[in-house]
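What follows is a set of notes on a single structure, which appears directly below.
The values are calculated or read from the model by the stated rules, or taken from the named source; none is laboratory data. Quantities reported herein were computed from a predicted structural model and do not represent experimental measurements. Here the Cβ is made from the backbone with ideal geometry for all residues, glycine too, and neighbour counts use every protein chain on show.
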Amino acid sequence: MEFIDQQVTKDYANLVKTSEDYSQNSLSIKDIVSEFSATSEELLASVQNMVKALDEIASATNEGAEGTSQIAQESAQILQIANEVSQLAESAKRDSDLLKDSVAKFKV
C-alpha cells in the first residue's frame, strides 16, 4: 500500500499534469494554426488582387501597343500620300511651265 501511496499516486499525478499540459499546448497550436490559416487566406486574396491588377496592366499595355502600331501604319500611309501629292505638284509645275512657254509663242 505504501508503494501505491508514494509511487503510483505520484506517477498518476504527473501523468494528469502532463495530460493537462498536452491539452493546453494543443489548444495553443490550434490557435496558431487558425491564425496562420486566416493570414494565408488574406495573403491569397492579396495575391489574387495583384494578379488581377497585373492582368489589367498587361491588357492596357497591349491596347496601347496596338494603338501605337495603328498610328505608325497610318503615318506611313500619310507619308506615301504626301509623296504622291509632291510628285503631282512637280508634274503640275512642269506642265504649267510648258503651257507658259507655249503661250509665250503666241503674240496678240
(request) Taking Lys10 as the residue in question, decide whether it is surrounded by 10 or more Cβ atoms within 10 Å (Cβ to Cβ) and within 39 Å of the chain's Cα centre (by Cα). (result) no
(request) Have a look at Ser23, Ser69, Ser46 and point out the one that is within 57 Å of the chain's Cα centre (by Cα), modelled with pLDDT of 95 or more and either among the charged types (D, E, K, R) or part of a helix (DSSP H, G or I) (or both). (result) Ser46
